[in-house]
Every structure is written in structure tokens, then in C-alpha cells.
Amino acid sequence: MNQPLQIQVNGRQYRLPQQPTVIVCVDGCQFEYLEAAASAGVAPYLKHVLTEGSVFQGDCVVPTFTNPNNLSIVTGVPPAVHGICGNYFFDPAADGGRGAEVMMNDPAYLRAGTVLAAAADAGASVAVVTAKDKLRKLLGHRMKGICFSSEKSDQVTLAENGIEDVLGLVGMPVPDVYSAALSEFVFAAGVRLLDTRQIDLMYLSTTDYVQHKWAPGTQGANDFYAMMDKYLRRMDELGAVIGLTADHGMNAKHDPKTGQPNVIYLQDLLDDWLGKGVEAGGARVILPITDPYVVHHGALGSFATIYLPRDADRDAVRQRIAALPGIEVVLANAQACARFELPPDRVGDLVVVSGQSVALGTSASRHDLTGLTVPLRSHGGISEQAVPLLFNRKTDGIPGKARLRNFDILDVALNHV
């Protein structure tokens, strides 16, 4: 690898890796999953890392969703800087300036460069493997190197992905998008890339299909972490520094007696309170959890943002929502963006966060819950903010913070291992 030995990205300094460094974002992984699998004896390597490595409890970004946190991890900064504040948002410039609700997957929405791209520009060999294709273009934005998804691993080209014949390399078929195998493919690909190429820096991002279905310590969860364990061990054997974190935790959002989802349908309430719907100039509720993979969560999470009509009494609406059972906090735009480090121009007039066991919806008629084969588990709120930061090596010289953020993981892995 050529000079320089240091890069600066978004105001932070990083040493370029002197040995293969693998950053793993395990979607939906809270400490309890790791501890349960380790104590059950099914994840001996993770047990070793939990006792002999470096272990920290950190905070992820609120809203505790996939896109904002993955992009925070690879840029080293919060959404206020990089701009990606959800999987989905209201873009006032879309539809010819009329505004439209859109997926936040286009790199045009990204306002900051990534550490991955900067490392590649400085001469490092960089690879990215993500489970869902929705993240691929964001994570690989302006990055020279290998970048592909499990979901579309049969469609890779040298021009688009920096690699050919991924299925031949990995030795697995294209996994079902709703399966644990989608994440296993990520780990298997990571091992094969390390084994067959000189990789300096690799980012692996899984999917939370398993965590949406299975609580920590259950058979389904332990099977997943047992699978993950063998691949992490192999990466360690190949000489990699491994840093592992999560984009968010996961909690039950259902009635424990009936298994029915606990949901507050905000759009229905606001249409009733204001006497008009969105089409008639009423309030607009945006759920940033929204993505194409609704079988996971039915588009129900614990964070919402609301655009109110100009004639609405914002404080009265805020207080009325805050008084609802199951609501944790309702904040005006400026307060929410200051507290959660979000870009104000991409957030509505109000931000609503529900409690640990409650989800937020738009209108009951808009959520298809037929895909939920088990009681709802989801994320998005403050209650899913605690995430692990694990390293398979000892660390030193970490600044004396009370608590790390998940987007400090590249700093620790590159500067303090």
C-alpha cells in the first residue's frame, strides 16, 4: 500500500490499516444476543472475544434504523453531517418540486464522503459486502474497490462491482432475501475475499431478518450467532483485526398475552384531530423505517416525523401526541435535530418516539401485517440505541469518553488497536 499512512475524513484522522481490518455491522444486534449465544456454548469464538478482546457498550444513531447508522459508521459522523436520516423521507424537491415520499438509497442524498472511499483513494485495497442491495450504492459511493450485495450476488460485473463470479467465489447460491442465509453469504464472502485477495479494509453489513423473528437466547437466534461465530474465527485465523458493532438493537413491540402488535397509528389520529387527510392539506406522517423488505417489520418502528399544515397549532398537536400512552417523547424539529444530530431540512415539524414495547404506524389500512409470521419485534426508538463495540485485539489510548458511538468503530479499529 502506498503513502499517505494517514487520511482525514469529515474532520477525523485515521491511520491506514497495516494489517487486514474487517468492520462488521451486525444488523439488529444488541449485547444480549452475543452474551446468550456465548453462554449457551454455541459461539466459542465470540465468548473468547467477550472475555479476552476489547468490549465496549456504545450508542447508535436515533432513529435506530439501517441507513442512518450504516452511513454514520462508514463516514464517522452523525446524520447531521452525512445527511442520511432514514431509510425513507419526504423530499420536497422530488416530483418536479411538488415533493414526494422517497427511499433514501440514492447516493445523491449523501452529504459526506466515506472512510472507505478515502482509504481506497489513498491506496488501500477496500471491499464492501452488504446483505441488502438497498445499501450497496450508498456504502460504495465513489469507492474504488469491490462492492456487492448478497441479494444481487448473481448480477455482479467488474465495471459495477469490481469483481466477477461472486457465486463461484463463495460457493453458495443466491440466498432468499427473507432468510438467515442472506447474512451468512456476507460472512462467507468476507472470508473468501480475505483468503484469496490482499484486502486492507473490509466492511460487512448483514440483515436483521433473524433478530426481527427471534429474541436473544432462542434457538433461532443462537443458530444465527453460531453460524456467525465460525466465520469470525476464520477471519481471525487469516490475521484480520475485527471490529464488530450494530446499527441498532431490537425489542418486542407486541402484547405478550395476545401476540398482537402494539401500534399507535399517527396518521389516523391526525386526520381525525385536524379534520382532513394529507390529500386535503392535512398532516403527513413519515415512517423512516419504511423499506421494500416489509416482511421484517410491516413498516412499523418506534420513530416517526410529522409535517403539519401551516395553520396547525404545532404545540397543541405536540402535547396531544405526547399525552398518548406508549409515547416516549415528542420534539419540535429544532429540538429533535439538536438532540439526535439530524439534518433539519430532512425532518418534519415534529419527531415522535414511542416507548420500548410500542410501534408507530401511519394508517391501519396502509400496513400489510400478513407477512408477520411471529409477533412483531422492531426498532427505531431510543430504547434500541444501546449497541456493542467488540474488537478481537486489545485497544489503548481511546479518548476518555463515557460512552462510544457505533460510528467510532473505524477510529478505534484503525487508530487504537
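Computed over the chain with a Gaussian network model linking Cα atoms closer than 10 Å, the most mobile of S357, S72, S302 is S357.
For the chain, set up a Gaussian network in which alpha carbons nearer than 10 Å are linked by springs, and say which option among V186, V374, V387 fluctuates the most. With Cα springs under 10 Å in the chain, the top fluctuation among V186, V374, V387 is at V374.
Under a 5 Å amide H cut-off, with hydrogens placed 1.01 Å from N, V329 pairs with V353 among residues at least 5 apart or on other chains. Karplus-derived 3J(HN,Hα) values for the stretch 229-245, using 6.51 cos²θ - 1.76 cosθ + 1.60 with θ = phi - 60°, are 4, 5, 6, 4, 4, 5, 4, 4, 4, 7, x, 7, 6, 10, x, 10, 9 Hz; glycine and proline are entered as x. The stretch 325-378 and the stretch 254-322 have Cα centres separated by 7 Å. The label point for E164 and the one for A108, both projected 7 Å from the Cα toward the Cβ, are 3.2 nm apart. For the chain, with a Gaussian network of springs between Cα atoms less than 10 Å apart, report the residue from G259, G140, G76 with the top mean-square fluctuation. Maximum among the listed residues: G259. Counting only DSSP beta bridges whose two residues both lie in the chain, roughly 55 percent are antiparallel. Treating only the Cα positions of the chain as identical point scatterers, give the base-10 log of I(q)/I(0) from the Debye formula at each q in 0.07, 0.09, 0.13, 0.14 Å⁻¹. Summing over Cα pairs of the chain leads to -0.32, -0.53, -1.09, -1.26.
Legend: distances between Cα atoms for K132/K213; K137/K213; K213/K257; pairs beyond 19 Å are K137/K213.
Compactness ratio of the stretch 263-378: Cα Rg over 2.2 N^0.38 Å, N = residue count?
1.04
Site pair E52 and L369 shows an inter-label distance of 4.7 nm when each label is modelled 7 Å from Cα along Cα→Cβ. Each residue, D121 and K257, gets one label point 7 Å from its Cα in the Cβ direction; the gap between the two is 5.9 nm.
Each reported figure results from applying straightforward, stated rules to the coordinates on display, with no laboratory input. Computed from a prediction, not measured in an experiment: that's the story for all the values here. Backbone-built Cβ (ideal geometry, glycine too); neighbour counts: all protein chains shown.
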